[in-house]
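The structure appears below as structure tokens.
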Amino acid sequence: MKRFLITTLAAILPFVMPAAESLPTSAAEQSNDVFLPIAKYMAAADVESLSAWFAPSLELTMPNTMPSDCSKAQARQILRAFFKSYPPDRFTINHQAGRGTLKYAIGRLESGENHFSVTIFISYKEGKGYQIQQIKIERE
């Protein structure tokens, strides 16, 4: 259900969300570089720092598994295990988009001979800032 909701929102956002200029100043300022620290933590496999960005519940999709909703603690464990198996040599953000309070980035994670496409969806909530709602990691 959550996956359907995120997919649907991503499709209709350009038509219903306000322009970035109408965001609260703090959100507009943060949105310019919100993916910089996230990319840094992905590249370093720093799950503890990355998890500070997690929403209380998020959707996680890992290679060869179905998407699942999990808590912050569960997501930390799953990502720790992933990075233990695939320590990153490099992580780069190739594309960013979004509108209003919803944003996403598509990146590439390289680990030895293994390459993964990583999609990260975030949303802005007043008083909480940006939070990661979904991480999708797929083998290329």
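No value in this document is a laboratory result; all are computed from the given coordinates. Keep in mind it's a predicted model, so treat the numbers as computed, not measured. Every residue, glycine among them, receives a Cβ derived from its backbone with ideal geometry; neighbour counts consider all protein chains shown.
The figures follow:
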quantity: Gain in span if fully extended, residue 106 to residue 85, counting 0.36 nm per residue against the direct Cα distance; calculated: 5.4 nm
quantity: Packing-based ranking, highest mean first, of 97-103, 124-130 given that Cβ atoms within 10 Å are counted; calculated: 97-103, 124-130
quantity: Packing-based order for 113-123, 55-65, using average beta carbon neighbours within 10 Å, highest first; calculated: 113-123, 55-65
quantity: In nm, spacing of pseudo-spin labels at residue 113 and residue 97 (7 Å Cα→C-beta vector); calculated: 3.4 nm
quantity: Residues in region 108-134 reached by a label modelled at residue 61 [backbone nitrogen below 12 Å; 7 Å Cα→Cβ]; calculated: 117-121, 134
